[in-house]
Amino acid sequence: MGRDAEETSPPVSSSELEQEEDDDDCYLSDQEDDALEESVLQVLEDEHHEDCHWSASCVITKESLLAAQREDLRKVMELLGLREHHARTLLIHYRWDVERIFELLDQKGRDRLFSEAGIPLQYTNNAGTTSSAEVTCNVCYDDVPPSTASEMDCGHSYCNDCWTEYFIVKINEGQSRRVRCMAPKCNAICDEAIIRKLVIARHPDIAERFERFLLESYIEDNDTVKWCPSTPHCGNAIRVKGDIYCEVECTCGCQFCFNCSLQAHSPCSCMMWELWIKKCRDESETVNWITVNTKPCPKCHKPVEKNGGCNLVACICGQAFCWLCGGATGRDHTWSSISGHSCGRFTDDQTKKTEQARRDLYRYMHYHNRYKAHTDSLKQEAKLKNEIQGKISISENKESKIKDYSWVMNGLNRLFRSRRVLSYSYPFAFYMFGDEIFKDEMTPHEREVKQNLFEDQQQQLEFNVERLSGFLEKDFQLFTDDEVMDTMKHVINLSNVVDKLCKQMYQCIENDLLYPLRTPHNIAPYKSKGLDRASELNISWDSAEQSSQSTKRSQNEASTVLGKRGSSSDNRGHQSNKRERVDANGGGSALFDLNVPAEVVDKI
């Protein structure tokens with residue numbers, strides 16, 4: 001009778017189990033292991049931390065770049081009553097920060113705001129002179145008809161030939177975004193419509209480059225928009241609102257730090273990560289090894305490594321010298337002395353230098369070995385995805401009351417995120433508690449206390465991450481229902497534990513380690529759901545604006561200009577030779593996504 005009741009019981013859902021875990025804090029496992037899990041959760045449960053780091057990101061493709069730019073132009077044009085090229089001049093000068101423009105408008109006033117940006121306070125409504133008399137160009141001093149001369153909004157007028165040559169030089173120099181009037185001491189920005197009309201008549205290719213620079217200025221001159229650093233380049237840009245110290249993901253799959261455009265490296269600050277990359281790539285540690293393990297030959301000065309027990313060593317150049325002091329000697333010696341040589345005097349400086357070099361090398365090796373070990377573990381665990389999907393498929397097809405295995409993929413994704421945090425915590429600790437950055441910011445006692453606090457949390461996180469990895473590697477498709485239930489409880493418990501430990505570590509870094517320092521260091525916040533996934537930019541257009549002729553012309557320019565970004569030129573006219581990004585899952589080594597939730601993992 002009891003068996004019949006057990007056979008007819010409804011399937012157990014992992015979501016229900018997770019809810020039950022959140023409500024009751026019930027942990028069913030071995031006594032020793034569960035005691036640790038329960039104690040950790042009880043301590044962490046009381047520390048609810050409100051995430052104050054807000055940021056939202058969106059992807060700007062080459063199709064939506066024009067829409068994003070014109071949306072900001074429209075705001076400034078409507079609220080300040082400016083022409084389009086004056087609004088663009090104002091936005092470029094203030095790096096496309098619309099909110100800052102409105103703030104400075106109240107602080108500085110309209111006249112000062114415009115004059116600093118190069119916008120004339122009083123400008124004419126005509127693009128050229130209307131007088132029938134000939135005008136004299138003050139550059140070439142030729143008398144030209146009014147139809148062949150152009151006047152800017154500032155009132156300065158020159159012949160079209162001089163204007164054209166001047167514009168071409170400025171565009172080739174990469175200054176096309178802010179071409180100033182060529183009159184002496186005039187800071188007014190030239191009308192882009194006149195530049196376009198004059199240059200396109202003589203050099204259409206340079207005019208096309210001018211259009212591209214104006215369009216891409218929304219990204220190049222914008223602090224809240226950056227190109228995706230993917231290789232090969234996908235052609236997308238990411239716009240962030242809110243905290244710029246964040247890690248984002250492009251639609252192409254590239255995950256990077258928005259502030260420095262390098263790979264996502266939190267909890268390391270951008271400075272720490274740049275120093276760590278340089279230290280791992282250059283020959284600084286090779287030099288340290290040579291300093292510790294070799295002595296320079298007193299004759300040829302080449303490094304010599306000792307390969308025997310005797311203190312008399314010989315260089316390949318033939319020079320014999322004492323290993324203890326490095327002084328040149330003869331070859332006559334015994335096991336205890338060298339003929340005619342005595343170096344019993346203590347040399348403190350050389351000993352200190354050698355010992356310091358040895359300590360620095362061992363310290364670097366300690367942190368680097370653990371960083372590399374967790375990085376290698378992350379690569380190996382990434383291969384578990386297909387294997388675990390196969391185990392889930394087998395488990396779902398066998399006769400069992402457990403049909404929901406989303407807890408496995410949720411635990412796997414949690415493992416990837418926590419392993420990544422643990423890996424980058426070692427470069428952070430290397431610089432946080434070393435002398436490279438914060439040498440004079442902490443006393444030795446403060447450094448020791450903070451290091452012990454951080455390493456305790458790091459060790460606790462490391463222990464639980466390894467336990468979670470061990471449970472996920474088990475062959476649960478061969479388990480009985482009771483064994484699967486026990487494994488499920490462990491995985492769910494440990495997933496919650498490592499998530500909260502990661503949050504606690506970030507709170508410690510931000511509040512206890514970095515905040516009291518004089519040197520500001522910002523890190524990207526930890527987010528349980530993974531990196532911010534940038535959404536597609538969606539801007540609705542006013543129908544009247546879409547039907548205008550200028551918008552149609554700009555859209556055609558955008559399609560021709562941005563369509564060539566694969567081999568575009570930079571501000572100096574150099575070819576970038578960037579290719580379209582291929583699918584991350586197709587061909588070559590696939591990029592493993594660390595942020596795929598369990599409900600969509602099967603679609604990848």
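The values are calculated or read from the model by the stated rules, or taken from the named source; none is laboratory data. Please read these numbers as outputs of a predicted model, since none were measured by experiment. All Cβ positions, glycine included, derive from the backbone under ideal geometry; neighbour counts span all protein chains shown. Calculation scope for accessible area: heavy atoms of the full protein, side chains included, ligands and nucleic acids excluded. Shrake-Rupley method; radii C 1.70, N 1.55, O 1.52, S 1.80 Å.
Conditions (1) within 20 Å of Asp435 (Cα to Cα); (2) modelled with pLDDT under 85, marked per residue:
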position	(1), (2)
Cys343	no, yes
Lys352	yes, yes
Glu355	yes, yes
Gln380	no, no
Can you tell me how many residues in region 387-414 are under 14 Å from Asp475 (Cβ atoms) and over 36 Å from the mean Cα position of the chain (by Cα)?
4
When residues of region 179-196 are filtered for being touching a residue at least 24 places away in the same chain (Cβ under 8 Å), under 14 Å from Glu211 (Cβ atoms) and either outside the structural domain of Glu151 (by the TED database) or not β-branched (Val, Ile, Thr) (or both), how many remain?
2
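Find the residue count for region 418-441, including only residues that are touching a residue at least 40 places away in the same chain (Cβ under 8 Å) and not in a helix (DSSP H, G or I). I'd like the intermediate steps shown before the answer.
Within region 418-441, the first condition is being touching a residue at least 40 places away in the same chain (Cβ under 8 Å), and the residues that meet it are 418-432, 434, 436-438, 441.
Okay, now just the ones that are also not in a helix (DSSP H, G or I), so 434, 436-438, 441.
Counting residues in region 418-441 that are touching a residue at least 40 places away in the same chain (Cβ under 8 Å) and not in a helix (DSSP H, G or I) gives 5.
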Expected single match for surrounded by fewer than 20 Cβ atoms within 10 Å (Cβ to Cβ) and under 26 Å from Asp243 (Cβ atoms) among Glu84, Glu71 is Glu71
Quick one: is Gln451 assigned by the TED database to the domain that holds His366 and more than 24 Å from Glu247 (Cβ to Cβ)?
yes
When Val491 is evaluated against the numbered criteria (1) open to solvent by less than 10 Å² (accessible area, probe 1.4 Å); (2) out of contact with any helix residue (DSSP H, G or I) (no Cβ under 9 Å at 6 or more places or on another chain); (3) of a type in the set (Val, Ile, Thr), which criterion, by number, is the only one it fails?
(2)
Residue satisfying all of: in region 42-61; modelled with pLDDT of 75 or more and surrounded by 16 or more Cβ atoms within 10 Å (Cβ to Cβ); nearest to the chain's Cα centre (by Cα) among these:
Ser57
Limited to region 456-482, what total is found for residues that are over 31 Å from the mean Cα position of the chain (by Cα) and either surrounded by 15 or more Cβ atoms within 10 Å (Cβ to Cβ) or part of a helix (DSSP H, G or I) (or both)?
8
Under 6 Å by Cβ, and 6 or more places apart or on different chains, what pairs join a residue from region 299-312 that is closer than 20 Å to Trp289 by Cα with one that is part of a loop (DSSP other than H, G, I, E, B) and at pLDDT 80 or above?
Cys300/Cys317; Val304/Cys297; Val304/Cys315
Criterion: in contact (Cβ under 8 Å) with a residue 40 or more places away in the chain, open to solvent by 60 Å² or more (accessible area, probe 1.4 Å) and part of a helix (DSSP H, G or I) - qualifying residue of Leu453, Leu415:
Leu453
Do you know which residues across region 144-160 are in contact with a Cys (Cβ under 8 Å, 6 or more places away or on another chain), surrounded by fewer than 20 Cβ atoms within 10 Å (Cβ to Cβ) and farther than 18 Å from Cys186 by Cα?
Val144, Thr148
Can we say Ser64 is within 20 Å of Ala237 (Cβ to Cβ), of a type outside the set (A, V, I, L, M, F, W, C) and open to solvent by less than 70 Å² (accessible area, probe 1.4 Å)?
yes
Can you run down the residue pairs with Cβ atoms below 7 Å, 6 or more apart or on separate chains, where the first is in region 469-485 and free of Cβ contacts under 8 Å to residues at least 60 places away in the same chain and the partner is crowded, with 17+ Cβ neighbours inside 10 Å?
Lys474/Thr487; Phe479/Thr487
Among the residues of region 430-450, count how many are more than 17 Å from His374 (Cα to Cα) and open to solvent by less than 60 Å² (accessible area, probe 1.4 Å).
10
